[in-house]
Amino acid sequence: MSIEDGYEMTQIADWLQGEASLKIPGRIRYLMTDSRKGADLSHSLFFALKGSAHDGHGFIPELFGKGYRHFVVEHMPDDQRLLDQANFIRVPDTMAALQKLAKRHRDQFSCPVIGITGSNGKTIVKEWLYQLMQEDKAIVRSPRSYNSQLGVALSVWMMAPQDELAIFEAGISQPGEMQALSRMIAPTIGLITNIGHAHDEHFKDHIQKTTEKLKLFHGCKSLIYCRDHSLIHEQVMADPALKEVILLTWSRVTKADLIIGKTKQDGPSTSIQATYHNKFINITIPFTDEASVENAIHCWLVMLHLGYDPETINNRMRFLNAVAMRLELKEGIHQCSVINDFYNSDLESLTIALDFLNQQQQHAKRTVILSDLLQSGLGKEQLYREIAQRLERRQVDRLIGVGPDISSQSGLFKGEKQFYPDTDAFLAALPGLPFHEETILLKGARSFGFERISRLLQQKAHDTVLEVNLGALIRNLNIFRSKLEPGTRIMAMVKAFSYGSGTYEVANALQFHRVDYLAVAYADEGMALRKAGITLPIMVMSPQPASFDTMFMHTLEAEIYSLSMLDTFIEAAQRRHPDLTTRVPIHIKIDTGMHRLGFLEEELNQMIVKIRNSRILQIKSIFTHLAASDEPVHDDFSHEQIQRFKRCADAVQPHFAYPIMRHVLNTSGIQRFPEAQFDMVRLGIGLYGLTPVGGLDLHPAGTLKTTITQIKKVQPGDSIGYGRTDRAEKPMDIATVPIGYADGYNRRLGNGRCHMLVNGKPAPTIGNICMDMCMLDVTGMIAREGDEVIAFGDGLPISILAQAAETIPYEILAAISQRVKRVYYQE
């Protein structure tokens, strides 16, 4: 996140009041908290933040090696070379220091600042206000949903002299958090959307939650809210710190500044009539759901308060656009990957998209298709020079610029580049442009219609997709990380096509977020990961003799589980490396009671002798698998397994001069046997938001979606599907959806044993599940051909399907066919 001119390090040190060791000149424009993201190194200040799953201090030597020279830390590094050649400011709490710096920066500006909080709708209201007013004002706003203790600090730092309005959202999850956000944002205009059930577990009740949220507005000049939310109104009136604040309210039922009258739906639009200062006014919005109506009315009252003409507001409300809340990664033509982010067109959302592009390692080449960026508040040359620098820092190989402004500044961009005056011109040239084995970022203002480009670049597939939320996957990873002792490594299981979620995309995200090892079932899975740019160590759990050469070629590490397999592997390794100078890594599996694969305790001596005599193998780890880590009734047996493993590992280690890692725990074991973490744990199904144990706030990472192909009426007595197993007892509406057992939707889920969600409502299956489709009972529901259908996801967890199919969630996930297109996204 950047500002235009920046601050001298001496000024920042004075503001932070820390212990400063400043050895070189420095002027700071960027604040960095993530060591993996590209930046202008000479003008970046890195804050070494500490969290439950990370400590930024550990990355300082790596960052110094990359060229970073300015750091805020809680303790100085031991390396004197760093202290002599870089700037350090030591503070008691790096997060508090980051927030203090953001507040100091905020104090430099006097433009109006809108602060938004509430349980739902914050991001939508913020983005709509931006859409509605960007024609008239240079507006800075929180990128996406940057509303946390960290996100707000980075958002406020974006304020620049050219900005005429700032809009920031603030979110809290527990008491005591809002004060810091309020100090940083210091809003002049406040808006609270509503109070819902999000994060209820951390508040005594909704009164406490409302009271905490209202602390954002202490010191505000005016506050906007819906008078019909009685809890909000009561707490506003009871808060002595809001007595001097001008209250601006809207209501459907009582006296307010904006009194809502008739609301009428007309096709895809909603017309809203109201009175404001005793005058009749109205707006029409292109949405019909109640949440959108409420969000639009909030925006309406803000604009009226800012002096906008009612007719101007109405004209702009008609063209409100849905807010894209995520970046999508999809399979493209000619072995490409396509990242869609063509609904935001500001500088900071471009930076976020470029960082997401930079994470993708599956292709060597990176291409950005970028439209003009609109209403930045910067001059053309300054704006596109800044964009060119950001593209260069993130090693973008090719730029395709679309629009007259970016085309006029073509000379600022280095490397491979093409420019087109508009989208139509680019589409006309597209058939002759080379796109092959590259990652393509589509980033454009909505008015450029980049969805037309996306449709042509995406690989064609049928309408059933598995959406994989990479952000949820990483949140789950960090939840488990927080359960581990410092130094405990993580091996992430990506076997079986990452439990059905896709392999290299998931592996790439895990590599970016610094897991230590990956595990696959077979060598060809590991080979595919290597070809996709995955450099992490990879353990192959079921290596076959025919695949040993493949493993050697791609530096894959074999799990060895028997004496006969060990003999075969040693022979293959010696053929590959006859000079015996290269040590080949292996992992030793011990059978401690599961009796599936592994060396028995009495075989250890033979194993040790064979490995020592080979002079070519190196044991990287020794491990076992718990048979019932999720079942308390078998805890005595699990403890017995752990003790047996420890005894075996202790017997092996003295025979080798190097350290050998030990690992026992799977997802359930991490939760239930923390004393047995040893050197590493193996995290599998928990990454995807599932755990047999429960008790963690995990986020489902996958949503299986399809669409309604056809709706037809059937009459009493009519049969539905193969075998005529279901018959209509009354007139019914039957929806056919293109998903069947060949897609992985279990055949046992038919005949009403399970349901899908159609527009959020449960629609039972009817008839047998077919190979490529199945039927749903949508009688009495609002359903149209083309509507989206959820087979599992939010509101319909996999556990329900597993129970109905008399199986486990693992099978449901792993069974999803590879013909089902995967769409990866990050919110």
Filtered residue count, the stretch 381-412, keeping only those that are out of contact with any Phe, Trp or Tyr (no Cβ under 8 Å at 6 or more places or on another chain), open to solvent by 40 Å² or more (accessible area, probe 1.4 Å) and farther than 18 Å from F450 by Cα: 10
Some residue of the stretch 104-111 being assigned to a strand (DSSP E or B) and surrounded by 13 or more Cβ atoms within 10 Å (Cβ to Cβ): no
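Over 21 Å from Q361 (Cα atoms) and modelled with pLDDT of 95 or more: which single residue out of A521, A558 fits that description?
Numbers: A521 fails: modelled with pLDDT of 95 or more.
Result: A558 is the single residue among A521, A558 that is over 21 Å from Q361 (Cα atoms) and modelled with pLDDT of 95 or more.
Look through S42, S52 and report the one residue that is under 25 Å from A160 (Cα atoms) and either among the hydroxyl-bearing types (S, T, Y) or in a helix (DSSP H, G or I) (or both).
S42
Keeping to the stretch 435-459, report how many residues are assigned to a strand (DSSP E or B), of a type in the set (D, E, K, R) and farther than 16 Å from F419 by Cα. Before the answer, list the steps.
Pass one, the stretch 435-459, residues assigned to a strand (DSSP E or B): 438-443, 458.
With of a type in the set (D, E, K, R) added as a condition, the list becomes 438, 443.
From what is left, the residues that are farther than 16 Å from F419 by Cα are 438.
Total meeting the criteria: 1.
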Check on R326, open to solvent by 10 Å² or more (accessible area, probe 1.4 Å) and within 20 Å of the chain's Cα centre (by Cα): yes
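Out of E557, E525, E571, report the one residue that is within 27 Å of Y504 (Cβ to Cβ) and free of Cβ contacts under 8 Å to residues at least 40 places away in the same chain. Write out each step before concluding.
Values: E557 fails: free of Cβ contacts under 8 Å to residues at least 40 places away in the same chain; E571 fails: within 27 Å of Y504 (Cβ to Cβ).
One residue alone meets the criteria, E525.
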Spans of strands (runs of 3 or more DSSP E) in the stretch 493-564 with at least 2 residues in contact with a Leu (Cβ under 8 Å, 6 or more places away or on another chain) and not acidic (D, E): 517-520, 538-540
Pairs where the first residue, in the stretch 68-90, is under 18 Å from D14 (Cα atoms) and the second is open to solvent by 40 Å² or more (accessible area, probe 1.4 Å) and acidic (D, E), C-beta under 6 Å, 6+ apart: R90/E19
Members of the stretch 264-314 that are within 30 Å of N759 (Cα to Cα) and hydroxyl-bearing (S, T, Y): S269, T270, S271, T284, T288, S292
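Inspect the stretch 786-807 for any residue being closer than 23 Å to M493 by Cβ, in a loop (DSSP other than H, G, I, E, B) and either open to solvent by 20 Å² or more (accessible area, probe 1.4 Å) or in contact (Cβ under 8 Å) with a residue 60 or more places away in the chain (or both) and give the result as yes or no. Quick ask: steps written out before the conclusion?
Step one: list which residues in the stretch 786-807 are closer than 23 Å to M493 by Cβ, which gives 792-793, 797-799, 801-802, 805, 807.
Retained after the next criterion (residues that are in a loop (DSSP other than H, G, I, E, B)): 797, 805, 807.
Next, only the ones that are either open to solvent by 20 Å² or more (accessible area, probe 1.4 Å) or in contact (Cβ under 8 Å) with a residue 60 or more places away in the chain (or both) stay: 797, 807.
There is at least one residue in the stretch 786-807 that is closer than 23 Å to M493 by Cβ, in a loop (DSSP other than H, G, I, E, B) and either open to solvent by 20 Å² or more (accessible area, probe 1.4 Å) or in contact (Cβ under 8 Å) with a residue 60 or more places away in the chain (or both).
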Residue that is surrounded by the fewest Cβ atoms within 10 Å (Cβ to Cβ) [pool: residues in the stretch 535-554 that are within 16 Å of I588 (Cα to Cα) and of a type in the set (V, I, T)]: I538
Given (1) buried (at least 17 other Cβ atoms within 10 Å of the Cβ); (2) out of contact with any Lys or Arg (no Cβ under 9 Å at 6 or more places or on another chain); (3) at pLDDT 90 or above; (4) more than 23 Å from Q818 (Cβ to Cβ), index of the condition K712 fails: (1)
Contacts under 6 angstrom Cβ, first residue in the stretch 646-669 being in a helix (DSSP H, G or I), partner aromatic (F, W, Y) and at pLDDT below 95, 6 or more apart: none
Number of positions in the stretch 693-718 that are without any contact (Cβ under 8 Å) to a residue 40 or more places away in the chain and of a type outside the set (D, E): 8
Exclusive hit being surrounded by fewer than 23 Cβ atoms within 10 Å (Cβ to Cβ) and either within 28 Å of S155 (Cα to Cα) or more than 26 Å from the chain's Cα centre (by Cα) (or both), set L378, L373: L378
Segments classed as strands (runs of 3 or more DSSP E), wholly inside the stretch 689-742, with at least 1 members that are in contact with a Pro (Cβ under 7 Å, 6 or more places away or on another chain): 702-707, 710-714
Tally, over the stretch 159-201, of residues that are open to solvent by 30 Å² or more (accessible area, probe 1.4 Å) and of a type in the set (A, V, I, L, M): 3
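The values are calculated or read from the model by the stated rules, or taken from the named source; none is laboratory data. Source: prediction; values computed, not measured. Cβ coordinates were reconstructed from backbone atoms using ideal geometry, including for glycine residues, and neighbour counts include every protein chain displayed. Surface areas here come from the heavy atoms of the whole protein model, side chains and all, with no ligands, DNA or RNA. Shrake-Rupley method; radii C 1.70, N 1.55, O 1.52, S 1.80 Å.
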